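What follows is a short report on a single structure.
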């Protein structure tokens, strides 16, 4: 049993996640994400401000890779790998040997097809990140915007530590919430984001505490809101298209809830109530 219940009392309410609903959502929408969001299914990181969305998304990967000191020849586990774009980029540019896992069979198929096209050392498997089983260790466990989908994050970090050698690295970027949220404000401002994006928002402090409890020493902690908020300016442009809503209407209520959450997400960035953060830790 994790210490999640104790942290709930300290940090407030969270959205109750349904893993099968998350799996179904990504099975349905992943084939559309390339048209909707691009090759990389995550935020962008703007340095100058005039970069394309695609360049900004690569800059996000490079930001995390630089802070984590990703090196050629390392074995990297991409947890919640999506359609494989981050793993493939890291294999091509940083010459890592990448393994990706996701709970979506559709994403596994798309990711392996992409890796084959690019002819890189990257392979993808169907596996639940909360029930990881490997016979090997990894130099880096990497995750972008996946851990906030998990029910037992403390347990995930405990499992992750077992997959790392001494001085192995955990490198993640995720959605968080500002500490000490007023319950009424949480319900009004953050619950629509959690419901639409299928997240359970925790605080960066909670992640750091769980990492420490698992023998992981946090080396870097950064809030990326300023450089990543433009993602949702782009997002609001996307949802102005009638074709997007027509597509969503034919793919179920979850897709509609996802699009409806865009405005709440942009507002969360602007208010600081929604935190987009980077954490890198080493196994002690």
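Here is how the numbers come out for the structure above:
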{"quantity": "Flag for residue 219 being more than 27 Å from residue 53 (Cβ to Cβ), assigned to a strand (DSSP E or B), in contact (Cβ under 8 Å) with a residue 24 or more places away in the chain and over 15 Å from the mean Cα position of the chain (by Cα)", "calculated": "yes"}
{"quantity": "Residue check, residue 279 modelled with pLDDT under 95 and either buried (at least 17 other Cβ atoms within 10 Å of the Cβ) or farther than 30 Å from residue 155 by Cβ (or both)", "calculated": "no"}
{"quantity": "One residue from 256, 247 being part of a helix (DSSP H, G or I) and free of Cβ contacts under 8 Å to residues at least 24 places away in the same chain", "calculated": "256"}
{"quantity": "Residue match in region 63-72 (condition: under 16 Å from the mean Cα position of the chain (by Cα), surrounded by fewer than 19 Cβ atoms within 10 Å (Cβ to Cβ), modelled with pLDDT of 95 or more and more than 23 Å from residue 125 (Cβ to Cβ))", "calculated": "yes"}
{"quantity": "Verdict on residue 259 being modelled with pLDDT under 90, within 19 Å of residue 43 (Cβ to Cβ) and either loosely packed, with under 14 Cβ neighbours inside 10 Å or under 18 Å from the mean Cα position of the chain (by Cα) (or both)", "calculated": "yes"}
{"quantity": "Residue check, residue 185 modelled with pLDDT under 95 and more than 18 Å from residue 17 (Cα to Cα)", "calculated": "yes"}
{"quantity": "Any hit, region 53-71, residues being farther than 25 Å from residue 223 by Cβ, in a helix (DSSP H, G or I) and out of contact with any helix residue (DSSP H, G or I) (no Cβ under 6 Å at 6 or more places or on another chain)", "calculated": "no"}
{"quantity": "Matching residues in region 169-183 - criterion: being part of a loop (DSSP other than H, G, I, E, B) and either without any contact (Cβ under 8 Å) to a residue 24 or more places away in the chain or crowded, with 16+ Cβ neighbours inside 10 Å (or both)", "calculated": "178, 181, 182"}
{"quantity": "Residues within region 17-44 that are part of a helix (DSSP H, G or I) and touching a residue at least 12 places away in the same chain (Cβ under 8 Å), tallied", "calculated": "16"}
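Let's see how each residue does on (1) over 30 Å from residue 165 (Cβ atoms); (2) exposed (fewer than 15 other Cβ atoms within 10 Å of the Cβ):
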{"position": "185", "(1), (2)": "yes, yes"}
{"position": "195", "(1), (2)": "yes, no"}
{"position": "209", "(1), (2)": "no, no"}
{"position": "212", "(1), (2)": "no, yes"}
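The values are calculated or read from the model by the stated rules, or taken from the named source; none is laboratory data. From a predicted model like this one, the values you see are computed outputs, not experimental measurements. Cβ coordinates were reconstructed from backbone atoms using ideal geometry, including for glycine residues, and neighbour counts include every protein chain displayed.
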